[in-house]
Structure formats: structure tokens, C-alpha cells
Amino acid sequence: MLHLKLPTDPRWANIAKKNIEEILTDHAYCEQKAASTAISMIIGFPQYPELVSAMTELAQEEMSHFKMVHDLILERGLELGRERKDNYVIKLRAFFPKGGSKTNHLVNKLLIAGLIEARSCERFRILSEELEDKKLKKFYRKLMISEANHYTMFLQLARKYADSRESVNQKWNALLEFEATLIGTLGDQKTIHG
């Protein structure tokens, strides 16, 4: 369903289990960044009412997820740590060349956001299956479903605004191939995408 070309390295689950405090902090910031991305799309592309509505709902949902993760952190007697640099996202965002039409830029942003959601969905599935904490297993199962919905929404919007379905499919496949090489270099960090 997710069409990811390379699954997460199985070692990542062990790293996540042993460093759940770090994973929760990174996850909280991922949710906050997802909300910020949705808001930036509203600001950058207000001429698309369907996009604005979808991003408004998404920003609210992502901030509610941030609160849920933050609440879990506090329940465990922990503190929200500092934000980490997300090299995965930084490298994905650099994939498409700069320039081109505003619509082309929107489609690129939507595809990148969709891929981030797909990889997050895969990672949350792993956490829901591998963690021993029943509350966290259930929590990540619920969020996995949410991420899958976000992934499909971003792809649908990209196809809606692209010049042609063929052009968006070509971009999507190229991005998936690039992401596979990128994810192959990761898998040993205490982060959601690392």
C-alpha cells in the first residue's frame, strides 16, 4: 500500500525500543513540523480552497498528535528534549530542483509530504508491533492509520494539481527511488526517520 521501495532496517526497532525517550521527543517535533508544513501550504497557496481546507484540518490534527505525544512524555516523568535536525526530511526536500511554476512547486511539496507520511506510517507500524509497552503499542497503531490517511491525501492532492497524472507519477516514482537510497543510509539513529 505504501509503495516504499526499501523497508526500514530491522535494527531500527531495537534502537527505538532501547531509546524510547529520544524517539518520543523526536516524534513530538515531527508532529509539530507536520503542522507547520500544513500551515505553510495554506500561506503559500491560498488560491486553492480544497487544499486550504485539507491543510487546516491537517494542522489541527497534527497539533493534537503533538499534544498526545507530549502528554505521554510527561506521564513518564520525562521532559520534551531539544528539537533534532531531521536529515531525512532535509535531504528529501532537496530532491526536486528549485524553480519552475508555483503549481509545480506545490506538487513537489505535496509529494514530499506524502512520502514523509508513508515512511512515518511504516515506522509507527513497527513500533506498534515491536514495543513491549501496551499503551505505546496501541498509540502507535492508531497513529499508523492516521499517517496512512495523510499519505493518501497528499498523493490525491498532488494528482489534482499536477499538469498530468503521468507527470506526477513520474515524479513520485523518482522520489521513491531516491528515498530508497536515502533510507538505506539510515536506520541507526534514535529518531523516527533516522
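Considering only S146, G100, S53, whose Cα is most displaced toward the positive end of the charge dipole of region 11-183, charges sitting on Cβ of Lys, Arg (+1) and Asp, Glu (-1)?
G100
Counting other beta carbons within 10 Å of each Cβ, put R159, R76 in order, fewest first.
In order of increasing Cβ crowding within 10 Å: R76, R159.
I'd like the Kirkwood hydrodynamic radius of region 82-154, using the inverse of the mean 1/r over distinct C-alpha pairs, in Å.
Value: 13.7 Å, from the Cα pair sum.
For a 25 Å ceiling on Cα separation, which of these pairs sit above it: K85/K138; K5/K135; K5/K190; K5/K138; K142/K171?
K85/K138; K5/K135; K5/K138; K142/K171
Please list, by residue number, everything in region 143-172 whose backbone N is under 17 Å from a paramagnetic label point 7 Å out along Cα→Cβ of S40.
154
Quick one: compute the contact order of region 34-131, relative version, from alpha carbon pairs under 8 angstrom and 6+ residues apart, as a percent.
Reported relative contact order: 19 percent.
Please find the FRET efficiency linking K67 to K17, where r is the Cβ-Cβ separation and R0 is fixed at 25 Å, and quote it to the nearest 0.05.
0.55
Restricting attention to the alpha-carbon atoms of region 11-183, what are Rg (one decimal) and Dmax (integer), both in Å?
Just the Cα atoms of region 11-183 yield Rg and Dmax of 16.5, 51 Å.
Taking the Cα atoms only, what angle lies between the long axis of helix 165-183 and the longest principal axis of the chain, rounded to 10 degrees?
Taking the Cα atoms of the chain, the angle to 165-183 is about 30 degrees.
Rule-based calculations on the coordinates, nothing more; no lab input. This structure is a prediction, so every number in the text was calculated from the model and none was measured. Cβ atoms come from the backbone with ideal geometry, glycine included; neighbour counts cover every protein chain shown.
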